[in-house]
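> Would you mind keeping the following structure in view while I ask a few things?
The values are calculated or read from the model by the stated rules, or taken from the named source; none is laboratory data. Everything numeric here is computed off the predicted structure, so don't read it as measured data. With ideal geometry, Cβ positions are generated from the backbone for all residues, glycine too; neighbour counts draw on all protein chains shown.
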Amino acid sequence: MPKEILYFGDPMCSWCWGFAPVLKSIYEDFKGDAPLSIVVGGLHAYDDFPMSAAYKADIRHHWEDVNKATGAVFDYDFFDREGFVLNTEPACRAVVTARQMNPLLLLPFYEAISRSFYSENKDTTDLETFKALTTEVGLDVDDFTENFNSDDLKQNTKSDFQFSQQLGVSGFPTMVVKEGDKMALLTAGYQPYKNLKPAIEDWLDIGFQELPAE
């Protein structure tokens, strides 16, 4: 029975940025036994209001916590922006677009969005940012742009959000192991690789308990 690891995240989620090295290690170490699939959860999808001072302070606090726990690098000049709308749907849609175009380039593209947002203070609500990243990872820019702007990709992205909600995923990062129609939770929230590696190895060796129905 085929085995798979499902990663639920958002490229504009700070804890997901801190989790990036763990995700890469899991992909590299287990891709032969259990391929990794990325599902976008839409942390702040469709937000349409500028960030207030209080909202910025709350987000900054999360960034500082992630930095302390994981060492992930952040550019705090982000908080000097005026009128920024923290809508993560475009970044999630960019991920789904890359996944559809070339799954082998998905993880580097996903991580490039996070890096651009968190450590380079780029606007990852802007198509122009994604176009530069497609060139970086080797995706065709024109094909990406056409797909990204299509109604199909907007719907496919929404389907990712709905799938996350149907499984009861309420925070990111979340990882689920899947075998056939059965799934089990690996982690809800950040965990270092040293904690997750033996759990994945045990699952590959002896199986798991099925997730309870929501």
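> Given (1) surrounded by 13 or more Cβ atoms within 10 Å (Cβ to Cβ); (2) in contact with a helix residue (DSSP H, G or I) (Cβ under 9 Å, 6 or more places away or on another chain); (3) under 22 Å from Met51 (Cβ atoms), identify the lone condition not met by Tyr76.
Only one criterion is unmet by Tyr76, namely (1).
> Now for a separate question. Kindly check whether there is at least one residue in the stretch 71-78 that is of a type outside the set (A, V, I, L, M, F, W, C), at pLDDT 95 or above and part of a loop (DSSP other than H, G, I, E, B).
yes
> Of all residues in the stretch 87-130, count the ones that are crowded, with 23+ Cβ neighbours inside 10 Å and over 14 Å from the mean Cα position of the chain (by Cα).
Here the count works out to 1.
> Another question, if that's okay. One residue is enough: does the stretch 46-54 have a residue meeting the conditions closer than 17 Å to Ile113 by Cβ and either loosely packed, with under 14 Cβ neighbours inside 10 Å or under 17 Å from the mean Cα position of the chain (by Cα) (or both)?
No, the stretch 46-54 contains no residue that is closer than 17 Å to Ile113 by Cβ and either loosely packed, with under 14 Cβ neighbours inside 10 Å or under 17 Å from the mean Cα position of the chain (by Cα) (or both).
> Considering only residues that are over 15 Å from Asn102 (Cα atoms) and touching a residue at least 24 places away in the same chain (Cβ under 8 Å), look in the stretch 131-157 and name the one that is surrounded by the most Cβ atoms within 10 Å (Cβ to Cβ).
The residue in question is Thr157.
> If you don't mind, another one. Can you find even one residue in the stretch 47-61 that is in contact with a Ser or Thr (Cβ under 9 Å, 6 or more places away or on another chain), under 25 Å from Leu204 (Cβ atoms) and in contact (Cβ under 8 Å) with a residue 24 or more places away in the chain?
Step one: list which residues in the stretch 47-61 are in contact with a Ser or Thr (Cβ under 9 Å, 6 or more places away or on another chain), which gives 47, 59.
Subset that is under 25 Å from Leu204 (Cβ atoms): none.
No, the stretch 47-61 contains no residue that is in contact with a Ser or Thr (Cβ under 9 Å, 6 or more places away or on another chain), under 25 Å from Leu204 (Cβ atoms) and in contact (Cβ under 8 Å) with a residue 24 or more places away in the chain.
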